[in-house]
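As structure tokens, the structure follows; a few thoughts come after it.
The values are calculated or read from the model by the stated rules, or taken from the named source; none is laboratory data. From a predicted model like this one, the values you see are computed outputs, not experimental measurements. A quick note on method: Cβ atoms are made from the backbone with ideal geometry, for glycine too, and the neighbour counts reach across all protein chains shown. The accessibility values were calculated without ligands, DNA or RNA, using every heavy atom of the protein model including side chains. Shrake-Rupley method; radii C 1.70, N 1.55, O 1.52, S 1.80 Å.
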Amino acid sequence: MHFSLEQLTAFVAVFEKGSFSEAAAKLGKHRTTIGQVITNLEDQLAIELFERIGRSTKPTEQGQLLYRYAKQTIEQASSFDKMALSLSFGQLEHITVAYCSFIPNEAIVRIRLRLFKAFPNMKVNFIIRNKEQIKQGLNDDTIQVALVNVDTRTAMTSFDCSVIAHPSFAIYAANSSELHSYSQSRLFNKLKTSKQLILSSYIEDGLGEKITLSPDFEVIEDLSLLMNLVQQNVGWALLPRVNVAQITDLLDISELKVDEIKSHFRFAISLWLPHSKQMLDIKKHITEVINDFIYDHDLDRPR
């Protein structure tokens, strides 16, 4: 049985939009054209993919089962197309690297120095973006490389996704904070009633529910500002330990130990980039830089 990418693309669009009209608008086609494509696919499969309810559609049980396979096929075809196209091009003249705001500046500097050494003629732009903005940028080719924090992964992407590090996070408060006077057994309850400072990118990237402990919280966009506010005893915060390790002599803050939290939080850093020949060496260099950086600043590593 043979299916066209046009059929699978139409099926996925209708499934995700819940409407033939919206799917047609997304694909730049007429509604009747999309309807005919879906009808032809249903005839080939000898099953019904959607229940037509007025102007809306609802996937049948068979449609729900087939959606993931159709989505993966489309993404794999897109990856094939990008890789094949890249084989006819030489070295990239410029790239844009996007990263989430908690990635330490020193790590970004190391990446730039490594890329300058490996590709001296390539221009490299760095921008801070949240995960959704990065996905969009990779899809429209305004971003070529991305470093993001990931909580879950999916195979249904048209770009290369690799988890390259798992930096640890810990709870910090100013050394002058009364929180340090509480025993480890009582501290957890106190944290839940004390002001918490949260980096906005954690919330934007879907980690808000996992790291928000206190209902009394404030959202800060800049990590340096957040750490300064913690130092000024405005509130406590969950911070990347590698960031604190870089400037531990300059910050008047220290880690809080809590009985209910037996080990440090760890969130994965993932490297996202297109499937292309030109990106293979870039991926190798950035992966090595991040791994070396995390190792150099791992506070749990024996010294």
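Quick look at the numbers
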item	result
Angle in degrees between helix 279-296 and the longest Cα principal axis of the chain, rounded to the nearest 10	20 degrees
Accessible area expressed per residue, region 1-51, with surrounding protein chains retained (probe 1.4 Å, Å²)	54 Å²
Sorted peptide list for 10-22, 51-63, 214-226, criterion being average Cβ within 10 angstrom, highest first	10-22, 214-226, 51-63
Label point distance in nm, Ser4-Lys257, each placed 7 Å from Cα along Cα→Cβ	6.8 nm
Qualifying lysines (Cα of each under 22 Å from Cα of Lys283; at least 8 residues distant if same chain)	Lys82, Lys117, Lys123, Lys131, Lys135
Region 160-303 - percent of accessible surface contributed by carbon and sulfur, probe 1.4 Å	49 percent
Contact order normalised by residue count of the chain, Cα under 8 Å, 6+ apart, percent	22 percent
Derived scalar couplings ³J(HN,Hα) [region 113-130; Karplus, 6.51 cos²θ - 1.76 cosθ + 1.60; whole Hz; x for Gly, Pro]	5, 5, 5, 5, 5, 7, 9, x, 9, 8, 7, 10, 9, 10, 9, 9, 9, 8
Descending semi-axes in Å of the chain, equivalent ellipsoid built from Cα gyration tensor	44, 27, 15
